[in-house]
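One structure is given here, and the rest of the page talks about it.
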Amino acid sequence: MAIRDAAAIDKNFLISKTLGKEDLIYYNAENFDVYGVKRIDGVYRRMKYDDAKKISEAVALISSECAGGRIRFATDSPYVAIFVKYRSVAKVPNYSYTATLGFDLYSSERYMGCFVPALDTVDSFEGVIDIEGNAEVREFTLNFPVCSEVSELYIGVKDGSKITKGAKYSVTKPIVFYGSSTTQGACASRPGNTYENIISRALDCDYLNLGFWGNAKGEESMAQYIAKLDMSAFVYDYDYNAPNGEHLEATHERMFKIIRESNPELPIVILSAPKYYLNEKDEKRLAIVENTYKNALASGDKRVCFISGKEMLERVKDSALADNIHPGDVGFTCMAEYIGNALKTLL
C-alpha cells in the first residue's frame, strides 16, 4: 500500500526544513527558567538517574523522557523559533507526533501554536511560529514533548529583539503528579493539552510530572523519594499500572502514609483511574483507592481529597478516551476541571 504525502495535497501540512528567517538568532534554553526538568549529563531529566534507578530500571529509563518540562521567557520578537536535538524520539502508534516529539507555545494562557515535527524526524528538529499583533514584550511558556529525550534546546527570535527570563509562577513550589501513562500525557494531541499543563496555566503554578508509562507501581522507594520533595501539593493515580487488586491494596495506602508522615500539612489529591464504564475488577480497585481516603478522614486528616475517575468523565463518557484506555484532549479537559478545582480549594 502506498503512503500518501499529505503535504503534496494541502500546503498546510507542509513542514519547512528552512525557516526563511534571515534575521534569526538562537539562545540556549539554559539562559532562561526551566521548569519540571533539569539538564543532567547531556539530557533533560525529571529525576536524577541514580535516584530513578533505585525504583526500577524502567523508571530510570523513562525519567529521561521530558514530560512536564517547560521554559518561560519574555520577548517582543515577531516570531519564536526552536531548534531541538533529541537523544531519542518516541513514536507510539496511539500517541500523536505533536505530543511525543513536538513542542507547543503559549503566551500567558493563550495558545500560540505548535512546533510540528516531520514524520522522518530522528535526531533534530527546527520550527518557527509567527506571533500575531503589535510588537510588544510578551510572556511565553514553551512546553516540552511528553515522551522523547531532549538533549539540547535553543530558542530563536529576531535579531535585536528583547528577550529575558519570564515571570515566576504565582505558586512557586511545584505540585507533584505521580502516576501512569495518563499522568505522563497519553494521549494528549500536544503537550499543552495534558491535564497538568491545563491546571498549570489556570492556577499559574509550577509542577513536576512523575508519570511513568506502564511502570508506576507505588513502590515504597518511590514514596520515600516523593516524600522528601519540596512541593505545594501531591496528586496521585497509578491504578492502571498496579498489576492486580492485591498489589494496589498493598501499596496505595502505604504510599499515602509515607508521604503524609513527612508532610503533615501537604494537600493530597487521590484519584482513581479515569474510566467511565467499570467492570467488576474496576469497581474493586476503585473501592481500594477510596478506602485510603476514608481511612485518612477517619484519622482526622483534613488536607486530603478524593476524586473518582468515573465522576470526572461523567459529562463526556467514552468521548473522553483517545484509545481504549487513555484520555484525549476532551478527557484531559474534564480531569483538569475536577483536579484543578480541588487544588484551588486545598491551596
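The values are calculated or read from the model by the stated rules, or taken from the named source; none is laboratory data. All figures in this text were calculated on a predicted structure; none of them were measured in a lab. As a convention, Cβ positions derive from the backbone with ideal geometry for all residues, glycine included, and neighbour counts pool all protein chains shown.
Name the single residue, out of those in region 195-240 being in contact with a helix residue (DSSP H, G or I) (Cβ under 9 Å, 6 or more places away or on another chain) and either outside the structural domain of Y293 (by TED's automatic domain parsing) or among the acidic types (D, E) (or both), that is modelled with the lowest pLDDT.
D239
Given the conditions (1) surrounded by fewer than 21 Cβ atoms within 10 Å (Cβ to Cβ); (2) in contact (Cβ under 8 Å) with a residue 40 or more places away in the chain, and given that V122 satisfies all but one, which numbered condition is not satisfied?
It fails just one condition, (2).
All but one of (1) surrounded by 19 or more Cβ atoms within 10 Å (Cβ to Cβ); (2) modelled with pLDDT of 95 or more; (3) under 26 Å from the mean Cα position of the chain (by Cα) hold for S262; state the number of the condition that does not hold.
Unmet for S262, out of (1) surrounded by 19 or more Cβ atoms within 10 Å (Cβ to Cβ); (2) modelled with pLDDT of 95 or more; (3) under 26 Å from the mean Cα position of the chain (by Cα): (1).
With the requirement that a residue be assigned to a helix (DSSP H, G or I), modelled with pLDDT under 95 and among the hydrophobic types (A, V, I, L, M, F, W, C), what does region 2-60 give you?
Passing the criteria: A6, A7, A8, F13.
Could you check, for region 168-176, whether at least one of its residues is aliphatic (A, V, I, L, M) and in contact with a Gly (Cβ under 6 Å, 6 or more places away or on another chain)? Break it down stepwise before answering.
Filtering region 168-176 down to residues aliphatic (A, V, I, L, M) leaves 171, 175-176.
Pick out the ones that are also in contact with a Gly (Cβ under 6 Å, 6 or more places away or on another chain) and you get none.
No: region 168-176 contains no residue that is aliphatic (A, V, I, L, M) and in contact with a Gly (Cβ under 6 Å, 6 or more places away or on another chain).
I'm told N324 meets every condition in (1) among the polar types (S, T, N, Q); (2) surrounded by 14 or more Cβ atoms within 10 Å (Cβ to Cβ); (3) modelled with pLDDT under 95 except one. Can you identify the failing condition by its number?
Every condition holds for N324 apart from (2).
Those residues that are of a type in the set (A, V, I, L, M), within 20 Å of the chain's Cα centre (by Cα) and surrounded by 19 or more Cβ atoms within 10 Å (Cβ to Cβ), I need them from region 75-113; list them, please. Step through it out loud before you land on a result.
First pass over region 75-113, keeping only residues of a type in the set (A, V, I, L, M): 80-82, 84, 89-90, 92, 99, 101, 105, 112.
Cutting the leftovers down to within 20 Å of the chain's Cα centre (by Cα) gives us 82, 84, 89-90, 92, 99, 101, 105, 112.
Answer for region 75-113, where residues must be of a type in the set (A, V, I, L, M), within 20 Å of the chain's Cα centre (by Cα) and surrounded by 19 or more Cβ atoms within 10 Å (Cβ to Cβ): I82, V84, V89, A99, L101, L105, M112.
Would you say A223 is without any contact (Cβ under 8 Å) to a residue 40 or more places away in the chain, among the small types (G, A, S) and over 30 Å from M112 (Cβ atoms)? Spell out how you get there, then give the answer.
Details: without any contact (Cβ under 8 Å) to a residue 40 or more places away in the chain: yes; among the small types (G, A, S): yes; over 30 Å from M112 (Cβ atoms): yes.
Yes: the conditions hold for A223.
Restricting the search to region 304-330, which residues are in a helix (DSSP H, G or I), over 28 Å from I259 (Cα atoms) and touching a Leu at 6+ places or on another chain (Cβ under 7 Å)? Talk me through it step by step, then tell me what you get.
First, pick out the residues of region 304-330 that are in a helix (DSSP H, G or I): 309-312, 317-320, 329-330.
Then keep just the ones that are over 28 Å from I259 (Cα atoms); that gives 317-320, 329-330.
Passing the criteria: only A320.
Pick from N215, N244: which is free of Cβ contacts under 8 Å to residues at least 12 places away in the same chain, surrounded by fewer than 24 Cβ atoms within 10 Å (Cβ to Cβ) and over 11 Å from the mean Cα position of the chain (by Cα)?
Working: N215 fails: free of Cβ contacts under 8 Å to residues at least 12 places away in the same chain.
Testing whether each residue is free of Cβ contacts under 8 Å to residues at least 12 places away in the same chain, surrounded by fewer than 24 Cβ atoms within 10 Å (Cβ to Cβ) and over 11 Å from the mean Cα position of the chain (by Cα) leaves just N244.
In region 278-300, is there at least one residue being closer than 27 Å to A188 by Cβ, buried (at least 20 other Cβ atoms within 10 Å of the Cβ), in contact (Cβ under 8 Å) with a residue 60 or more places away in the chain and in the same structural domain as C187 (by TED's automatic domain parsing)?
No, region 278-300 contains no residue that is closer than 27 Å to A188 by Cβ, buried (at least 20 other Cβ atoms within 10 Å of the Cβ), in contact (Cβ under 8 Å) with a residue 60 or more places away in the chain and in the same structural domain as C187 (by TED's automatic domain parsing).
For region 67-98, what are the residues that are at pLDDT 95 or above and aliphatic (A, V, I, L, M)?
Answer for region 67-98, where residues must be at pLDDT 95 or above and aliphatic (A, V, I, L, M): A67, I71, A74, V80, A81, I82, V84.
For region 114-136, state whether one or more residues are under 18 Å from S181 (Cα atoms), within 21 Å of the chain's Cα centre (by Cα) and not aromatic (F, W, Y). Spell out how you get there, then give the answer.
Residues of region 114-136 under 18 Å from S181 (Cα atoms): none.
No, region 114-136 contains no residue that is under 18 Å from S181 (Cα atoms), within 21 Å of the chain's Cα centre (by Cα) and not aromatic (F, W, Y).
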